[in-house]
1. Among the residues of the stretch 245-253, is there at least one that is at pLDDT 85 or above, surrounded by 11 or more Cβ atoms within 10 Å (Cβ to Cβ) and in contact with a strand residue (DSSP E or B) (Cβ under 8 Å, 6 or more places away or on another chain)?
2. Scan SER88, SER96, SER78, SER74 and give me the residue that is surrounded by 14 or more Cβ atoms within 10 Å (Cβ to Cβ), in a helix (DSSP H, G or I) and either without any contact (Cβ under 8 Å) to a residue 60 or more places away in the chain or among the basic types (Lys, Arg) (or both).
3. One residue is enough: does the stretch 427-450 have a residue meeting the conditions β-branched (Val, Ile, Thr), modelled with pLDDT under 85 and either open to solvent by 70 Å² or more (accessible area, probe 1.4 Å) or farther than 30 Å from SER126 by Cα (or both)?
4. Out of SER20, SER43, I need the residue that is polar (S, T, N, Q), more than 30 Å from PRO356 (Cβ to Cβ), at pLDDT below 95 and in contact with a Gly (Cβ under 7 Å, 6 or more places away or on another chain). Which one?
5. Determine whether the stretch 122-137 contains at least one residue that is open to solvent by 30 Å² or more (accessible area, probe 1.4 Å), over 23 Å from LEU85 (Cβ atoms) and in contact (Cβ under 8 Å) with a residue 12 or more places away in the chain.
6. Got a number for residues in the stretch 111-144 being under 30 Å from GLU37 (Cα atoms), of a type outside the set (A, V, I, L, M, F, W, C) and part of a strand (DSSP E or B)?
7. Count, please, the residues in the stretch 224-244 that happen to be under 60 Å from the mean Cα position of the chain (by Cα), touching a residue at least 24 places away in the same chain (Cβ under 8 Å) and either in a helix (DSSP H, G or I) or surrounded by 11 or more Cβ atoms within 10 Å (Cβ to Cβ) (or both).
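The values are calculated or read from the model by the stated rules, or taken from the named source; none is laboratory data. These figures come from a predicted structure and were not determined experimentally. FYI the Cβ positions are ideal-geometry reconstructions off the backbone, even for glycines, and counts take in every protein chain you see. Surface areas here come from the heavy atoms of the whole protein model, side chains and all, with no ligands, DNA or RNA. Shrake-Rupley method; radii C 1.70, N 1.55, O 1.52, S 1.80 Å.
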Amino acid sequence: MDGYVNPATRTGRGQGNLASAGGYAFHNWTRNRVQLEAAYRSSWIIGNAVDCIAEDMTRAGIDIRGLSDAHEKSELQSEISRLGLWSSISDVVKWSRLFGGALGVLMIDGQNVAEPLNEKAISQGSFRGIYAIDRWITTPDYSKPIVDLCPQVGEPEFYNIVPGPWPFSGQNIHYSRVIRMDGIRLPLYQRQYENGWGMSIVERIFDTLTAFDSSTLGAAQLVYKAHLRVMKIKGYKEVMAGTSDLAKRGVMAQIDNIRQFQSNEGMSVIDAEDELRADTYSFAGLNDILMQFAQQIAGATKIPLTRLMGQSPAGFSTGESDIRQYQEGIAQRQEQHRPVVHKILRITYQSKMGKPAPEELDFKYGSLWGISDEEKSTIMTNRTNAVVGAFDTGLVTRSTALRELRSGAEEDGAWSSITSEEIEEADNDPPPPSEGADAGVPLDADNLSPPSGADSPRQRE
C-alpha cells in the first residue's frame, strides 16, 4: 500500500485504526431528478450555487468586433436583446449545472429540425431565439454517434425530445441545431452511467450542505431553549400522579400566576419550600461551526461567500481579491463556450441582415468588473494621448489614428461619434512629403535642411 504506515502504532491506512475504515461511495444524486428539483426550490444556497454562475456568465453580454459599420453593430446588439438570447443561454447553463446537462434548441422558422443546419440558407428574420430544455426532456440517440473528427466526436447525432406539453415534442433534432452544455464533466465510464451527460453540482456539495442545514436548524431549535426557568415544588410528583383534579388545577394556577407577573416590573411569589431558578444557554462556538460549513460550500461551488451568501467580507479583507478570482473563473467558463456564442452570433447576423456574416465577425465578453467615471476618464486620456503622439511623430496616418480612437469607444465611451465617412475621407489624404524634400522650402546644400525660420512639414500640416 502506498503511503506511510507503522504497524506498531497502527498508523496509516490498513492498520486497523478508525481512519482506515473511511472511504468514498457513489451517491448518484444526479439521477434523482425529483430530489434535485426539490433542493433547487427549497434551498436558497443551491439556488444561488446554480444561478450565480449562470447569470454572471451572461449578464455583461459581449462587445461585437469586426464590423466596420457602427449601425450594423448597433442593430445586431438590439436583435440579441429582442430575441432574449442571453436569458435563454443563462437558462441552458442553469439546467446543466442543476441536472448535469441541458440543450438549447436554435429555433429557425421554415427549416426541418431533423436536418443538418445550413447557416447560409437562413432567411432574413427566420431566427426566433433559443429554447432551453434540461436533460430529462431529451434522450440522446447513441445508436448513431458522431464519428467525424470534430469537437463533437462521440456525441449523438440526434436528440429525441420526450413527448409532452412542450415545443418539439416527439421530434428528432440534429446536433447542429442545438447548443449542448454539460454540468461537471465526468470521466468516460461515469459519462456512460449518466447517459452521456455530466454531473450535477448538487451531488458534490450535498453532504456538506446537509451538514450546514442541520447545524442551522439545530441552532434555531436552541433559541427556544436559550432561557429555561425551572421551578421545584414540594410534593409536585404526588399531586400530578394523584387523582385530585383540584390539586392539579391549584398547581397549574400557581405556575400561570408566576408566568403572568414575571416581567421587568413584576414579582415572582412562591412558597418558602419551593425553588425557582433560570438557566441560560450559551451559543458560543456555533457561529464558527456554521462559518466553517459555509466556507466548505463556497469552496465546493467555487463561489466566494460575498457572492454565494451575500454577506460582507470579514476581518481586514475587502473581498476584492475573492471577487477578482471568482471573475477569472467566470471568464474561463465563458471561453469554454466561445464556439457556441460565436455560432449564435453568426446566425443572428444572417437572420437580421439577410446576408452571410463576415469572416471578421468576432466578439469580446463584457467585463463583469464595472469601472467608475474617473477611471474611464483616465483611460480615455491615456489612450487619446498615445494615439495623438503616434500621429504627431508620423508613425500612423490620420485615418489610422481615427480608427484607433473609435475602436476604444466601447471601453471608455469617448470618440464614438467618429463616422466611417470621416475615416474614408482621411484615407484620401495626400501622403506627407518625404523628409528633407519639401517642395515649398529651399534646402540648404550643406545639411539638406530647411533654412532657419521655416516650418517643418508636420508643423505646416
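1. Scanning the stretch 245-253 turns up no residue that is at pLDDT 85 or above, surrounded by 11 or more Cβ atoms within 10 Å (Cβ to Cβ) and in contact with a strand residue (DSSP E or B) (Cβ under 8 Å, 6 or more places away or on another chain).
2. On the way: SER96 fails: either without any contact (Cβ under 8 Å) to a residue 60 or more places away in the chain or among the basic types (Lys, Arg) (or both); SER78 fails: surrounded by 14 or more Cβ atoms within 10 Å (Cβ to Cβ); SER74 fails: surrounded by 14 or more Cβ atoms within 10 Å (Cβ to Cβ).
Unique residue meeting the criteria: SER88.
3. Keep residues of the stretch 427-450 that are β-branched (Val, Ile, Thr), which gives 441.
This time we only want the ones that are modelled with pLDDT under 85, so: 441.
With either open to solvent by 70 Å² or more (accessible area, probe 1.4 Å) or farther than 30 Å from SER126 by Cα (or both) added as a condition, the list becomes 441.
Yes.
4. SER20
5. Checked the stretch 122-137: at least one residue is open to solvent by 30 Å² or more (accessible area, probe 1.4 Å), over 23 Å from LEU85 (Cβ atoms) and in contact (Cβ under 8 Å) with a residue 12 or more places away in the chain.
6. Of the residues in that region, 10 qualify.
7. Filtering the stretch 224-244 for residues under 60 Å from the mean Cα position of the chain (by Cα) gives 224-232.
Now restrict to residues that are touching a residue at least 24 places away in the same chain (Cβ under 8 Å): 225-232.
Filter once more, so that each one left must be either in a helix (DSSP H, G or I) or surrounded by 11 or more Cβ atoms within 10 Å (Cβ to Cβ) (or both): 226, 228-229, 231-232.
The total comes to 5.
To keep it simple, each residue is scored yes or no on (1) over 24 Å from the mean Cα position of the chain (by Cα); (2) more than 23 Å from GLN295 (Cα to Cα); (3) part of a loop (DSSP other than H, G, I, E, B).
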position: GLY3; (1), (2), (3): yes, yes, yes
position: TYR24; (1), (2), (3): yes, no, yes
position: LEU36; (1), (2), (3): no, no, no
position: ARG41; (1), (2), (3): no, no, no
position: ASN48; (1), (2), (3): no, no, no
position: GLU55; (1), (2), (3): no, no, no
